[in-house]
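Structure first, then comments.
All of the numbers you see were taken from the coordinates with simple rules; none came from a lab. Since the structure is predicted, the reported quantities are computational estimates derived from the model, not experimental observations. Ideal geometry is used to build each Cβ from the backbone, glycine not excepted, and the neighbour counts take in all protein chains shown.
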Amino acid sequence: MSERPEYAVFCGIDVGKGAHHAVALDVAGKRLHDKELPQDEAALRAMFQRRLVHGPVLVVVDQPNNIGALAIAVARDSGCQVAYLPGLAMRRIADLHPGQAKTDARDAYVIAEAARSMPHTLRRVDIGEAALAELDVLVGFDDDLASEATRLVNRIRGLLGGIHPALERVLGPRVQQAGALALLMTFGGPVGLRTAGRRKLLSVATKGSPRFNTAVIDELLAALDEQTVVVPGTDAAQQVLPRLAKSLAEVLDQRKAIAAQVEKVLDAHPLAGVLISMPGVGVRTAARIQLEVGDASGFPTSGHLAAYAGLAPVTTRSGSSIRGEHPSRAGNKQLKRAMFLAAFAALRDPVSRAYYDRKRAEGKKHNAALICLARRRCDVLHAMLRTGAHYNPPKPAAA
């Protein structure tokens, strides 16, 4: 929060599931309130109204979502300004205060004191909380579905690799395609696939996915002929594989439905078109960036955004003996992953590909070159969000 209005009361709330603890300080640091606060609208509103008698109130929480959402909504409805203190900053500020106790009352005091004396450590809570709250729920559920899909894929590939490695080499990389899932759901493992015959396999596979053409079926049949012995556990796998494939198909269908809902919610945001116009940024990536960055007003420069995402290298320097840089292990992990995946998807873009190839030519490995590309794209993304301008690819220099 770069701009700081004149507040008369700084209210720090250590949020909890059943009850919060609130500490209110005036400008001089005098405690106006230091009590447990029920997770109840009436109690929250009454406390905020009593503090507003002294003048403008700034309410600061340590968790802006989930269990802290009600406190934020009531504070705004009561006429208070709202911000939040990130957990890492809170722990560092707590070390500046005497004592080693870890209590709700002490944490609430640390939050209120940070709001009073160190306003630069605070982060704003986006005003469009209704759309962002819906987006947060949908994206969180999609992340859960993605984890479940990964688990099922690994389970299917593990079973196939244990009973028929040659078959796994053919179906494993394609296991999320509709054709492969249709084959597994219909015929199970290698025994059912071998007895089905080429014509039936082609009919079932192409009905699920046109990409399963004759060449893929021929490759599948050739893989089945490579192994003549039956590995123990094949019969059980023959029964389990169709159920795993059915579960995976259902999860993938749910992800498609959630993606459509995310796109619908995202379209209502004015910056959605700005984000998606950037090469490599899809609906899911744009939603994650929107949730973590907002309109980028909380980041004065693109360097601040890169550091927050954990994409800025960390410099190590001590005298003349230790000098160098290494990748950062800090930052927002979800944002870093989104920026990394977007950079990987952007390799089809000529400008991004040229920068990636240049870094590879300098001797960097694949992941390091992608991190460099993601860091460079932070500059572009920051400028786009701050100005609201769509992506405009650079024009080649005149000869």
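Angle, helix 333-345 long axis vs. longest principal axis of the chain, Cα atoms, 0 to 90°, nearest 10?
The angle comes out near 40 degrees.
Whole-Hz ³J(HN,Hα) for each residue in segment 275-280, computed from phi via Karplus 6.51 cos²θ - 1.76 cosθ + 1.60 with θ = phi - 60°, x for glycine and proline: what do you get?
5, 5, 5, 7, x, x
What full-extension length gain, to one decimal in nm, is calculated for Ala330 and Thr228 as 0.36 nm per residue of separation minus the Cα-Cα distance?
Numbers: separation 102, 0.36 × 102 = 36.72 nm, distance 5.15 nm.
Gain on stretching Ala330 to Thr228: 31.6 nm.
Of Lys333/Lys359; Lys336/Lys364; Lys30/Lys333, which pairs sit farther than 27 Å apart, going by alpha carbon to alpha carbon? Working shown, then result.
Details: Lys333/Lys359 23 Å; Lys336/Lys364 19 Å; Lys30/Lys333 38 Å.
Table pairs above 27 Å Cα-Cα are Lys30/Lys333.
Taking the Cβ-Cβ separation of Asp357 and Ala8 as r and a Förster radius of 51 Å, what is the calculated FRET efficiency to the nearest 0.05?
Details: r = 58 Å, r/R0 = 1.13.
Between Asp357 and Ala8 the formula returns 0.30.
Two decimals, Cα atoms only, Kirkwood Rh: what is Rg/Rh over segment 247-378?
1.04
Could you list which residues have their amide H under 5 Å from that of Val314, counting only those 5 or more apart in sequence or on another chain, with H placed in the peptide plane?
Result for Val314 returns His326, Ser328.
Once phi is turned into ³J(HN,Hα) by the Karplus curve 6.51 cos²θ - 1.76 cosθ + 1.60 with θ = phi - 60°, what whole-Hz value does each residue of segment 377-394 show in order, with x for glycine and proline?
Computed from phi, the couplings for segment 377-394 are 5, 4, 4, 5, 4, 4, 5, 5, 5, 6, 9, x, 8, 6, 5, 10, x, x Hz.
Between Asp267 and Lys35, take the C-beta separation as r, use R0 = 56 Å, and let me know the FRET efficiency to the nearest 0.05.
On the way: r = 44 Å, r/R0 = 0.79.
Using R0 = 56 Å, I get an efficiency of 0.80.
Around His20, which amide H atoms from residues at least 5 apart in sequence, or from another chain, sit under 5 Å from its own amide H, with H modelled in the peptide plane?
Here the answer is Leu37, Gln39, since their amide H atoms fall under 5 Å of that of His20.
Can you give me the angle between helix 178-187 and the longest principal axis of the chain, using Cα atoms only, in degrees from 0 to 90, rounded to the nearest 10?
For 178-187 against the chain, the angle is about 60 degrees.
Based on Cα positions only, what radius of gyration and what Dmax would you give for the chain, in angstroms?
Rg and Dmax of the chain, Cα atoms, are 27.2, 84 Å.
Got a sec? How would Asp14, Asp107 order by Cβ neighbour count within 10 Å, fewest to most?
Working: Asp14 26, Asp107 22.
Ordered from fewest to most neighbouring Cβ atoms within 10 Å, Asp14, Asp107 come out as Asp107, Asp14.
Expressed in nm to one decimal, what extension gain is obtained for the pair Glu219 and Arg45 from 0.36 nm per residue of sequence separation less their Cα-Cα distance?
On the way: separation 174, 0.36 × 174 = 62.64 nm, distance 6.79 nm.
So the extension gain works out to 55.8 nm.
Per 0.36 nm of contour for each residue apart, how much would the distance between Asp144 and Arg386 grow if the chain were fully extended, relative to their Cα-Cα spacing? Please report the intermediate quantities before stating the final value.
Details: separation 242, 0.36 × 242 = 87.12 nm, distance 3.12 nm.
Here the answer is 84.0 nm.
Taking the simple approach of a point 7 Å from Cα along Cα-to-Cβ for both Lys364 and Thr103, what is their distance in nm?
A separation of 5.0 nm, rounded to one decimal place.
Among DSSP beta bridges lying fully in the chain, give the percent that are antiparallel, nearest 5. Walk me through the numbers on the way to the answer.
Working: 20 of 29 bridges.
So the antiparallel bridges amount to about 70 percent of the total.
Taking the chain as the reference, fit the longest principal axis to its C-alpha atoms, fit the long axis of helix 69-78 to the helix C-alpha atoms, and give the angle between the two in degrees, 0 to 90, nearest 10.
On a 0 to 90 degree scale, this one is about 40.
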